[in-house]
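A.B. asks: Here it is, the structure, as structure tokens.
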Amino acid sequence: VVAAAPATSNIVGDPYDYSAVGVAAPVSSLVVGAGGVIEQAQSVGGATQIAGFVKGVSYGGTISVTNLRIDMVNKNIYADFVGAGKTGTLATSPTVNVNATNVLAWTFTDIAGPTSITGPGTFDTTLSGLALTTEGFNNLKAGLGLYSIGLIALQGAAADFGTLTSTITVAVPEPSTYALMGLGLVGIGFAARRRAAK
């Protein structure tokens with residue numbers, strides 16, 4: 001597993017013997033509703049998993065899972081899948097290309113931590129009970145060239161796929177930012193009055 005830029009990775013252990021895999025992808029946008037409730041979050045980058053040929057597990061392949069979009073209202077996580085997996089060991093075995101965007105990849109059941117932005121500060125939220133959808137499963141299967149034991153392992157992990165943690169930091173604006181915002185509002189008010197006078 002390696003990070004897909006601009007994400008960074010925190011991976012413990014050697015390939016084929018990881019004890020922990022973590023990838024941190026920056027949040028690129030938020031949709032915040034009434035009362036500061038976070039309705040959606042979008043990240044950029046993600047993780048790339050590379051599978052070599054392992055008899056009974058994988059014919060080999062690569063899959064990148066990037067650009068997560070978290071729908072907090074409906075408890076869905078969408079992702080982009082890009083990769084290619086082999087379908088056999090022969091040189092003539094075809095390769096399956098994966099190029100799917102905005103796929104409903106996981107659902108989740110539990111949210112721990114704040115779900116609203118209430119002012120300046122750091123807000124840590126953990127989503128758990130992640131369950132892999134059929135479409136998410138099929139993209140991972142194809143991209144990694146999984147078969148036999150590999151498919152059984154993925155099916156075993158599908159109902160409890162781990163957790164997703166977000167950290168959102170809201171800074172206190174500089175006084176000059178407030179001043180510029182005030183000027184902008186004054187300018188808008190003045191322009192509206194001029195139009196009304198005509």
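The values are calculated or read from the model by the stated rules, or taken from the named source; none is laboratory data. Since this is a predicted model, take the numbers as computed values, not measurements. Cβ coordinates were reconstructed from backbone atoms using ideal geometry, including for glycine residues, and neighbour counts include every protein chain displayed. Heads up: the accessible areas ignore ligands, DNA and RNA and are worked out on the full protein's heavy atoms, side chains in. Shrake-Rupley method; radii C 1.70, N 1.55, O 1.52, S 1.80 Å.
A.B. asks: Rolling a 1.4 Å sphere over the protein heavy atoms, what is the accessible area per residue of the stretch 107-172, to the nearest Å²? Could the numbers behind the result be given before it?
C.D. replies: Numbers: 3350 Å² over 66 residues.
So the stretch 107-172 comes to 51 Å² accessible per residue, rounded to a whole number.
A.B. asks: Which parts of the stretch 74-115 would a label at Ser29 reach, counting a residue when its backbone N lies under 13 Å from a point 7 Å out along Cα-to-Cβ?
C.D. replies: Once the point is set 7 Å along Cα→Cβ of Ser29, nothing inside the stretch 74-115 turns out to lie under 13 Å by backbone N.
A.B. asks: Quick test of the membrane-span-like rule: which DSSP H helices of the chain reach at least 30 Å along their long axis (C-alpha atoms) with mean Kyte hydropathy at least 1.0?
C.D. replies: TM-like helix candidates: nothing returned.
A.B. asks: If you don't mind, another one. Provide the per residue accessible area, probe 1.4 Å, for the stretch 1-79, rounded to a whole number of square angstrom. Intermediate results must be reported in sequence, preceding the final value.
C.D. replies: Numbers: 4140 Å² over 79 residues.
Normalised by residue count, the accessible surface of the stretch 1-79 is 52 Å².
A.B. asks: Same structure again: Can you give the FRET efficiency to the nearest 0.05 for Ser116 and Asp17, using r as the Cβ-Cβ distance and R₀ = 35 Å?
C.D. replies: So, using R0 = 35 Å, E works out to roughly 0.30.
A.B. asks: Next up: 5 Å is the cut-off here: which amide hydrogens, built 1.01 Å from N in the peptide plane, fall below it relative to Ser116, excluding neighbours closer than 5 in sequence?
C.D. replies: Ile38
A.B. asks: Expressed as a whole percentage, what fraction of the accessible surface of the stretch 46-173 belongs to carbon and sulfur atoms when a 1.4 Å probe is rolled over the protein heavy atoms?
C.D. replies: In the stretch 46-173, the share of accessible area belonging to carbon and sulfur is 57 percent.
A.B. asks: Then there's this: Using θ = phi - 60° and the Karplus form 6.51 cos²θ - 1.76 cosθ + 1.60, what ³J(HN,Hα) does each residue of the stretch 32-43 get, whole Hz, x for Gly and Pro?
C.D. replies: 10, x, 4, x, x, 5, 7, 9, 8, 9, 10, 10
A.B. asks: In what order, largest first, do Ser64, Ser19 sit by accessible area if the probe radius is 1.4 Å?
C.D. replies: Largest accessible area first, the list is Ser19, Ser64.
A.B. asks: Using amide H atoms built 1.01 Å from N in the peptide plane, name the residues 5+ places from Gly60, or on other chains, whose amide H lies under 5 Å from its own.
C.D. replies: When sequence neighbours closer than 5 places are left aside, the close amide H contacts are Val54, Lys86.
A.B. asks: Give me a comma-separated list of calculated 3J(HN,Hα) values for the stretch 89-106, in order, Karplus coefficients 6.51, -1.76, 1.60 applied at θ = phi - 60°, integers in Hz, x for any Gly or Pro.
C.D. replies: Result, rounded to whole Hz: 8, 6, 4, 8, 5, x, 9, 9, 8, 10, 8, 10, 10, 6, 8, 5, 9, 9.
A.B. asks: For the stretch 1-63, take the convex hull of the Cα atoms, compute a quarter of its surface area, and give me that in nm², please.
C.D. replies: Mean orientational projected area (the stretch 1-63, Cα hull): 5.8 nm².
A.B. asks: Within 10 Å, count the other beta carbons around each residue, average over each peptide in 87-100, 35-48, and list them highest first.
C.D. replies: 35-48, 87-100
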